[in-house]
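Colleague: This is the structure I want to talk about, given as structure tokens.
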């Protein structure tokens, strides 16, 4: 699952990686970018374009099965919450997540390191276990990528 698919350029690379046996659910909110994404998906049968707000996974739950990975590039102040909502709905236990964090999109007044630390703490509170954090310097300023594993609590027996 790719949250923040934009026009589909990076999604097309993920499509190549997963190959014809895999699927990429590509979620994009912008109708303008979504038009380009739809055109990319016409040429790649393993991309399922979803033009919808990733804050509301219930709106596309009928289209999406359980996924192995969530890649998120949404650049929103509540992006960790957005990823967590989708993880709780679609990410299998032990599945991985990759979150691109643009510090200025979350809090332009705080030091980037403080923003990254705060987001990692939020992930941990959502059963998302960060494994690695990399800054993207010198290629991008104030950006980091966090990779981790989703470990929801066991379901209670009734």
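Colleague: Using Cα pairs under 8 angstrom and six or more residues apart, how large is the relative contact order of the range 2-150, in percent?
Modeller: 19 percent
Colleague: By counting other Cβ atoms within 10 Å of each Cβ, how are 150, 60 ranked from fewest to most?
Modeller: 60, 150
Colleague: When 134, 3, 38 are ordered from fewest to most other Cβ atoms inside 10 Å of their Cβ, what list results?
Modeller: 134, 38, 3
Colleague: Between residue 141 and residue 61, what is the label-point separation in nm under the 7 Å Cα-to-beta-carbon projection?
Modeller: Placing both labels 7 Å along Cα→Cβ, they lie 4.3 nm apart.
Colleague: Could you list 36, 16 so that the one with the fewest beta carbons within 10 Å of its beta carbon is first and the one with the most is last?
Modeller: Taking fewest neighbouring Cβ atoms as first place, the list is 16, 36.
Colleague: Based on the alpha carbon coordinates of the range 67-158, what radius of gyration and maximum Cα-Cα distance (Dmax) apply, in Å?
Modeller: 13.4, 52
Colleague: Output the antiparallel fraction of DSSP beta bridges having both residues in the chain, as a percent to the nearest 5.
Modeller: 50 percent
Colleague: Still on this structure, please answer the following. If I build a Gaussian network model for the chain, linking alpha-carbon pairs within less than 10 angstrom, which residue out of 33, 15, 125 has the largest mean-square fluctuation?
Modeller: Answer for the Gaussian network model of the chain: 125.
Colleague: 7 Å from Cα along Cα→Cβ at both residue 53 and residue 16: what's the point-to-point distance in nm?
Modeller: About 3.5 nm, to one decimal.
Colleague: Let me see the P(r) profile for the range 112-151: every Cα-Cα distance counted, bins of 10 Å, each bin given as a percent of all pairs.
Modeller: Percent of pairs per bin, in order: 31, 52, 16, 1.
Colleague: Mean-square fluctuation check for the chain, GNM, Cα pairs under 10 Å: which of 143, 88, 13 is largest?
Modeller: 13
Colleague: A follow-up question, please. What FRET efficiency comes out for the pair residue 35/residue 68, r = Cβ-Cβ distance, R0 = 22 Å, nearest 0.05?
Modeller: For R0 = 22 Å, the calculated efficiency reads 0.20.
Colleague: If I build a Gaussian network model for the chain, linking alpha-carbon pairs within less than 10 angstrom, which residue out of 17, 101, 50 has the largest mean-square fluctuation?
Modeller: Between 17, 101, 50, it is 17 that shows the largest mean-square fluctuation.
Colleague: Here is a further query. What is the calculated FRET efficiency for residue 157 to residue 124, with r their C-beta to C-beta distance and R₀ = 22 Å, to the nearest 0.05?
Modeller: 0.30
Colleague: Please report the orientation-averaged projected area of the chain, defined via the convex hull of its C-alpha atoms, in nm².
Modeller: Taking the Cα atoms of the chain, their convex hull projects to 10.1 nm² on average.
Bear in mind that the values in this text are calculations on the coordinates, not laboratory data. Small disclaimer: the values here were computed from a predicted structure and weren't measured. Because the Cβ atoms are built from the backbone with ideal geometry, glycine has one as well, and the counts that use them run over all protein chains shown.
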